[in-house]
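Data first, discussion second: the structure below is written as structure tokens.
FYI, it's all coordinate maths here, none of it is from the lab. Bear in mind the structure is a predicted one, so any value in this text is a computation, not a measurement. For neighbour counting, all protein chains shown are included, and Cβ atoms are generated from backbone atoms with ideal geometry for every residue, glycine included.
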Amino acid sequence: MDDDLESASEGLSFSDNISITWKAVDYQPDSSHLALVNESNESFLRAVSAIGEFSKDISEDSPSLSQEMTRLDLKLNLLLDLVSQLIYKQLDIPEMSRVTISSSTVEWEGANVPLPHQTVFVQVYIQRGTPKPLCFYGEVVSQPSDYEAGRAKVRYLGLSGSAKTWLDKLIFRHHRREVAFKKSSNSER
């Protein structure tokens with residue numbers, strides 16, 4: 001699996017240690033079922049985007065308001081972390097592994113990966129502290145050699161335009177944070 005954040009064929013992507021699970025399906029999902037999955041994903045991705053946003057316009061107009069927003073954001077994040085720890089203990093969420101997400105595929109490594117050319121239903125817990133996964137159907141496009149090495153690559157099936165747009169926004173935000181982190185790490189050396 002390629003660890004680069006940018007792949008010429010995939011566009012932007014991000015890699016993170018997150019939970020992922022999958023199951024093989026022996027049918028092609030119909031359009032009405034895909035529409036329900038897309039609606040759920042779009043709603044979830046919108047919520048994740050709202051959690052991750054912080055308005056820079058406020059900080060420029062009112063520094064005191066910006067400080068208060070930052071404090072509230074920290075309190076909300078702490079509350080989400082505490083509640084998620086309680087929920088995660090009660091749910092059967094899989095162990096974390098290195099997962100790379102792009103706008104067309106999801107890639108990961110593990111002891112149990114799907115066979116090439118299978119149709120699978122995948123759940124990716126993309127938002128730490130949120131026990132709701134991003135769910136999608138996909139086609140396994142990894143090669144037999146990848147399978148033997150414990151690597152999987154799954155291309156989304158039936159991902160709607162609006163769900164893809166929100167996924168692209170999430171990927172871009174993660175990519176931007178990764179670039180900023182690398183810059184700050186390099187400047188500290």
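Rounded to the nearest 0.05, the FRET efficiency derived from the C-beta distance between residue 72 and residue 175 at R0 = 30 Å is 0.70. Overall, the ratio between the Cα radius of gyration of the chain and 2.2 N^0.38 Å, rounded to two decimals, is 1.12.
How high is the relative contact order of the chain, in percent, counting Cα pairs under 8 Å that sit 6 or more residues apart? Display every interim value, and only then the final one.
Details: 271 pairs, mean separation 60.3, N = 189.
Relative contact order, the chain: 32 percent.
In the structure displayed, which of 23/75; 75/169; 75/132 lie more than 32 Å apart, Cα to Cα? Going by Cα-Cα distance, 23/75 fall outside the 32 Å limit. For the residues 79, 170, 91, a GNM of the chain with alpha-carbon springs under 10 Å puts the largest fluctuation on 91. Enclosing the Cα atoms of the range 94-153 in their convex hull gives a volume equal to 83 cubic angstrom per residue.
Using the per-residue mean of other Cβ atoms lying within 10 Å as a proxy for protection, in what order, highest first, do the peptides 65-71, 24-30 fall?
65-71, 24-30
Here's the picture: a label point sits 7 Å out from the Cα of residue 115 along the beta-carbon direction, and within the range 125-161 the residues with their amide nitrogen under 18 Å of it are 138-155. Screening the chain for whole DSSP H helices of 18 Å or more along their axis (Cα) with average Kyte-Doolittle hydropathy at least -1.0 returns 31-52, 63-90.
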